[in-house]
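Student: After the structure tokens below, expect a handful of questions from me.
The values are calculated or read from the model by the stated rules, or taken from the named source; none is laboratory data. Just so it is clear, the structure is predicted and the values come from calculations on it, not from any experiment. Don't worry about glycine lacking a Cβ; one is built from the backbone with ideal geometry, like all the others, and counts go over all protein chains shown. Surface accessibility is based on the protein's heavy atoms, side chains included, excluding ligands, DNA and RNA. Shrake-Rupley method; radii C 1.70, N 1.55, O 1.52, S 1.80 Å.
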Amino acid sequence: MIAQRRPHEVRGLVRRGVGGDAKGLEGRLGLDGAIRKLVPPWHFEMLNDSERTAAFDAALERTVEPDALVLDIGTGAGLLTLLSAYHGARHVVSCEGVAPVAETARRIVERNGYADRVSIHRKWSTDLSPGVDLPERADLLVTEVVNCGLLGEGVVPTIAHARRHLLKPDAVVIPAGASVHAQLVECPRLHRASYVDTVAGFDFRPFNDLAALEYMPARLSHFPHRALTDPVEVFRFDFATGELGGDERLVSFRVRRAGRCHAIALWFRMELVDGIVLSNDPANTDSHWEQGVQSLERPIAVRPGQTLTVRAWHDTRHLLFLPPGAPRVGNGAGPPT
Ligand SMILES: C[S@@+](CC[C@H](N)C(=O)[O-])C[C@H]1O[C@@H](n2cnc3c(N)ncnc32)[C@H](O)[C@@H]1O
């Protein structure tokens, strides 16, 4: 299988490109499938998100000291590594767990003239060892392993592990912290994307047993919807110094408008350094990050002045809302039972 080939073989095939004949095209399509399995297409939109680039650029310009050893976890194509080197880091050690991405990042760093101050490891950060992969523990961690619901790419356990094993005790951590926010919305279209009722007069509700529990990414502005409540902060993380474990809490939404609550929309607010914030709140339609939307299996009728309380739960990677009446999940340390 092409996906299991060594990265340089995949690269060689990519360079050869599509031949003029059907056989060449067939090969290229097979390769395309293999690449897509390893390299999600959001990499391109993410790299072209100029607000994201400007925020990390400003944060690194402010924090990188000339003698700093910077660790970039999840380097992707190498953008934060190049910015760290550009802002004067003594050395940047980077890791990327997906082999063809790591290999490509190496080429990009070389092409831009920074290969002498950058080492890229084709490894997951949990496999790095100071003294082997890094000359010593790092002075500064920069990492952007964040999805639309903040936690889905493992930013919390990744930073927790790095703080324990890869960073100096007083290391700077970018992002310094983040919070997750949520709002109740009326949106039949989003509900139809997650649950089914009757179709042609037949009862299809048993199919809802196969519905996803967790939120899915969706750009709220692309769906006709009404916000029924103000946004509420759900969870907050201090990446630099805080405890980084699972959590479970009750969240109360004050209803502002009468309607049917079909879904809970969520997004993050990530503070890279003091005063430099990135957010995928619904008003930010330019961000490459969409919002997360968790539909409720049974929509709830709400009226102004009412308070709706839901249980919010996360285990540092997964995040769920349990509507009123749903069974408790546990203490936040393990997955739902
Ligand atoms: C969201 S992308 C960000 C890429 C790059 N840091 C940037 O900002 O342009 C995250 C990348 O990190 C990689 N990744 C996620 N967690 C990782 C980890 N713990 N160790 C190494 N690579 C990781 C993924 O494979 C992906 O390529």
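Student: Quick one: in the stretch 120-135, which of the residues that are part of a strand (DSSP E or B) and among the hydrophobic types (A, V, I, L, M, F, W, C) is nearest to residue 69 (Cα to Cα)?
Tutor: If we take residues in the stretch 120-135 being part of a strand (DSSP E or B) and among the hydrophobic types (A, V, I, L, M, F, W, C), then 134 is nearest to residue 69 (Cα to Cα).
Student: I've got another one for you. Can you confirm whether residue 185 is surrounded by 13 or more Cβ atoms within 10 Å (Cβ to Cβ), over 22 Å from the mean Cα position of the chain (by Cα) and touching a residue at least 40 places away in the same chain (Cβ under 8 Å)?
Tutor: yes
Student: Another question, then. If a residue must be more than 14 Å from residue 79 (Cβ to Cβ), assigned to a loop (DSSP other than H, G, I, E, B) and open to solvent by 50 Å² or more (accessible area, probe 1.4 Å), how many such residues does the stretch 95-119 contain?
Tutor: Total meeting the criteria: 1.
Student: How many residues does the stretch 239-275 contain that are within 24 Å of the chain's Cα centre (by Cα), of a type in the set (D, E, K, R) and open to solvent by 40 Å² or more (accessible area, probe 1.4 Å)?
Tutor: 6
Student: Within the stretch 52-94, track down each residue that is near the ligand (Cβ under 10 Å from one of its atoms), among the hydrophobic types (A, V, I, L, M, F, W, C) and part of a helix (DSSP H, G or I).
Tutor: 56, 79, 80, 82, 83, listed by residue number.
Student: Output the residues belonging to the stretch 120-133 that are open to solvent by less than 60 Å² (accessible area, probe 1.4 Å) and either closer than 18 Å to residue 82 by Cβ or within 14 Å of the ligand (Cβ to nearest atom) (or both).
Tutor: Selection gives 120, 121, 125, 128, 129, 133.
Student: When you scan the stretch 189-238, how many residues do you find that are aromatic (Phe, Trp, Tyr), within 22 Å of the chain's Cα centre (by Cα) and open to solvent by 90 Å² or more (accessible area, probe 1.4 Å)?
Tutor: 0
Student: Let me ask something else about it. Any residue at all in the stretch 136-148 that is among the small types (Gly, Ala, Ser), open to solvent by less than 30 Å² (accessible area, probe 1.4 Å) and part of a loop (DSSP other than H, G, I, E, B)?
Tutor: No, the stretch 136-148 contains no residue that is among the small types (Gly, Ala, Ser), open to solvent by less than 30 Å² (accessible area, probe 1.4 Å) and part of a loop (DSSP other than H, G, I, E, B).
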